[in-house]
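Reading through the structure tokens given below for one structure.
Values quoted throughout were computed directly from the atomic coordinates according to the rules given, and no laboratory measurement underlies them. Since we're looking at a predicted model, the values are computed, not measured. No Cβ is skipped: glycine too gets one built from the backbone with ideal geometry, and neighbour counts run over all protein chains shown.
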Amino acid sequence: MDALAIPTNVPTYAELTALSQQVGTQFLTAKMTCATAESCTGGLVGHLLTEISGCSVYFMGGAIVYSNEIKAHVLGVDPQTLATDGAVSYATAAQMAQGAQRLYGVDVAVSITGIAGPGGGSPTKPVGLVHVHVVGRDGYSCGERFVWPADRSGNKLLSAQAALQMMSDYLTAHLAQQSG
């Protein structure tokens, strides 16, 4: 899977909060709930969702799962997936999202796993590589691979923006399907 061609301007906190407000409004309109499973972002998406007053109606919780052992223990990520594909992979991100959905009993879950930097990269998994995955109770499952060019903080902000945008895109399609 190739990285998406996307803008790489690091979003401001105000922009992320506005996007979180939009996502929150969509969750309220859809009468759906969500949860997060975060590794390299360390809970940033959950933090942004909770910046919005009234978010407890739709945001049920989040797991910060930095180590492979915790990814397996808390979210049920298959240790074989971690050994074969690694923590930063499409398969791990998918299993993290599925695990968060099960753990919190929500309609939608998003996961993020990656290498924020400045260290930790390799020729096959460079610094800035991030996998974001969204799953829905309706069987929806979508993962994207990104390679961000920023510093550690910027890569985290870009990853959070991608996660919020992917949830928004799913909710937009879900709401259009309900009304159409």
- Item | Leading residue by the ranking (nearest to T33 (Cα to Cα)) among those in the stretch 138-151 that are over 16 Å from the mean Cα position of the chain (by Cα) and surrounded by fewer than 17 Cβ atoms within 10 Å (Cβ to Cβ) | D138
- Could you figure out which of (1) in contact (Cβ under 8 Å) with a residue 40 or more places away in the chain; (2) surrounded by fewer than 24 Cβ atoms within 10 Å (Cβ to Cβ) isn't true of N68? (1)
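Residue under question is T29, and the condition is that it be exposed (fewer than 15 other Cβ atoms within 10 Å of the Cβ), touching a residue at least 12 places away in the same chain (Cβ under 8 Å) and not in a strand (DSSP E or B); does it hold? Before the answer, list the steps.
Values: exposed (fewer than 15 other Cβ atoms within 10 Å of the Cβ): yes; touching a residue at least 12 places away in the same chain (Cβ under 8 Å): yes; not in a strand (DSSP E or B): yes.
Against the criterion (exposed (fewer than 15 other Cβ atoms within 10 Å of the Cβ), touching a residue at least 12 places away in the same chain (Cβ under 8 Å) and not in a strand (DSSP E or B)), T29 qualifies.
Can A109 be described as surrounded by 24 or more Cβ atoms within 10 Å (Cβ to Cβ), on the phi < 0 side of the Ramachandran plot and either touching a residue at least 40 places away in the same chain (Cβ under 8 Å) or not hydroxyl-bearing (S, T, Y) (or both)?
Details: surrounded by 24 or more Cβ atoms within 10 Å (Cβ to Cβ): yes; on the phi < 0 side of the Ramachandran plot: yes; either touching a residue at least 40 places away in the same chain (Cβ under 8 Å) or not hydroxyl-bearing (S, T, Y) (or both): yes.
When the stated conditions are applied, A109 passes them.
What residue, of T84, T124, T92, is buried (at least 20 other Cβ atoms within 10 Å of the Cβ) and either touching a Phe, Trp or Tyr at 6+ places or on another chain (Cβ under 7 Å) or without any contact (Cβ under 8 Å) to a residue 60 or more places away in the chain (or both)?
Numbers: T84 fails: buried (at least 20 other Cβ atoms within 10 Å of the Cβ); T124 fails: buried (at least 20 other Cβ atoms within 10 Å of the Cβ).
Result of the check over T84, T124, T92: T92.
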- Note on the structure: For the stretch 35-74 the number of residues that are among the aliphatic types (A, V, I, L, M) and under 14 Å from the mean Cα position of the chain (by Cα) is 9
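Condition check: surrounded by fewer than 17 Cβ atoms within 10 Å (Cβ to Cβ), of a type in the set (D, E) and touching a residue at least 24 places away in the same chain (Cβ under 8 Å). Does E51 satisfy that? Walk me through how you get there before you give the answer.
Working: surrounded by fewer than 17 Cβ atoms within 10 Å (Cβ to Cβ): yes; of a type in the set (D, E): yes; touching a residue at least 24 places away in the same chain (Cβ under 8 Å): yes.
Spelling it out, E51 is indeed surrounded by fewer than 17 Cβ atoms within 10 Å (Cβ to Cβ), of a type in the set (D, E) and touching a residue at least 24 places away in the same chain (Cβ under 8 Å).
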